[in-house]
Structure formats: C-alpha cells, structure tokens
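The values are calculated or read from the model by the stated rules, or taken from the named source; none is laboratory data. Predicted model, so just to flag it, every value in this text is computed and none were measured. Positions of Cβ are generated from backbone atoms using ideal geometry, with glycine treated the same way; all protein chains shown enter the neighbour counts. For the accessible areas, the whole protein counts, side chains as well, though only heavy atoms, and no ligand, DNA or RNA atoms are used. Shrake-Rupley method; radii C 1.70, N 1.55, O 1.52, S 1.80 Å.
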Amino acid sequence: PFETHRIECEDGVYIHSWLMQNKSNINTHEQNMLPTILFFHGNAGNIGIRLPNAVQMMKHLNANILLVEYRGFGESDDAKVNEAGLKLDAEAALRFAATHTQIDPNQVFVFGRSLGGGVAFHLAHYAEQQGISLAGVMVENTFLSISKMVDALMPYVAPFKALVLRIGWDSLEIAPRLNT
C-alpha cells in the first residue's frame, strides 16, 4: 500500500512521491512509530524503477519509505534539472515528512544512491542548519564530489573542468562535519 503525493517546492515546482507505509502485522499506532526513509534515487530512471529496492528496504528494515522523484523526472513537474533545483526538491520532501501525520519526524532517515547521495548529504547539512534532527544518513554508490569524479574518470579533461563544470555536489566538504 502506498500514497501518491505531489509536494510543492519553494520555487513553485511540484515533485511526485510515493509514501510506502509498512503495515505488515502492526497496528496503526505502531505504524506511526516506525522510522521513515526518504529515498533519493540516481540520475537515471524514476521512482518506479526503484520500487523493488524500496520494497526490500521496507520489509527488511521495518520502515516506511518516501520515494522522492526529482523535478524533470517521471510524474514531477517538467522543470530544468540542476543542483539548486534538486536541493529544493530534497528540502520540500523533508518539510513534507515533518508534517505528515503518519510519519514520526524524530525517526526520519535519509538514503541516497549515486546522485541521490549528493542530495542526501545536502539535505543532512540543510537539516542541521535549520535545527531539524535526522535519525541518520545512508548513502550507496555515491561520489565525493563531481570535481573529484572528473579527476578520477576523465583525467585529460580535469585541467579544463573549471570551464565546463556547472555542478559541484561537494559531499566531501559536508560529510565530515555532520553530526547526524
């Protein structure tokens, strides 16, 4: 069972999400006490492709899952996809989770895979700046920064990256300072 939500971002863009509620063998009160994982996907596909992963996480981690679909992806508004916009998407998802009646705001975890790892690190940093407590941050197959990835994967382009890079996602700068 899941709920479909359209979440408004600070810039007026609406993003699509699915809230998968773990209702296996528990009553409503216990369900409201389960942790919720905000799931930020990679740069290819949409949340539908991540559904098998989310189902496994829900079952094995005994958690609710909020699958967040970035602007310009799937059923979210068709808007320019860029670092600033994806950060707004993540911040809106966190505000949504904090106000949803069936999500315990004290048990919100952030999960990011690949590009979603950069989004997750940003959101953890943002939450700390706003005085919002997260239960934890999990990342998988992500990167330290786009600049460092260019250095590792395209060393011949590296000398010119200042001319061509339009995004940073500097998780290496954020991660060591997180208290979450």
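List of remarks:
- For the chain, accessible area per residue (1.4 Å probe, heavy atoms of protein chains only), Å²: 51 Å²
- Extreme residue, positive dipole direction of the chain, given options ALA44, LEU86, LEU19 (C-beta unit charges): ALA44
- Springs between Cα atoms under 10 Å define the GNM used for the chain, and in it the highest mean-square fluctuation of GLY116, GLY168, GLY131 occurs at GLY131.
- Alpha-carbon spread of the chain, three principal axes, descending order, Å: 58, 34, 30
- For the chain, built as a Gaussian network whose Cα springs stay under 10 Å, the top-fluctuating residue of ALA44, ALA97, ALA63: ALA44
- Lysine pair count for the chain [Cα-Cα under 25 Å; pairs on different chains or 8 or more apart]: 6
- Helical mean residue ellipticity (222 nm; -39500 (n - 2.57) per DSSP H run of 4+; nearest 500) of the chain: -10500 deg cm²/dmol
- Segment 14-158: antiparallel DSSP beta bridges as a percent of all, rounded to 5: 25 percent
- What you get for the chain, charging only the Cβ of Lys and Arg (+1) and of Asp and Glu (-1), is a dipole of about 380 debye around the Cα centre.
- Residue-span extension gain [TYR14 to ASN46] - 0.36 nm each, minus C-alpha spacing: 10.0 nm
- Acute angle (nearest 10 degrees) that the helix 51-61 long axis makes with the longest principal axis of the chain, alpha-carbon atoms: 60 degrees
- Of the solvent-accessible surface of the chain, computed with a 1.4 Å probe and all protein chains present, 55% belongs to carbon and sulfur.
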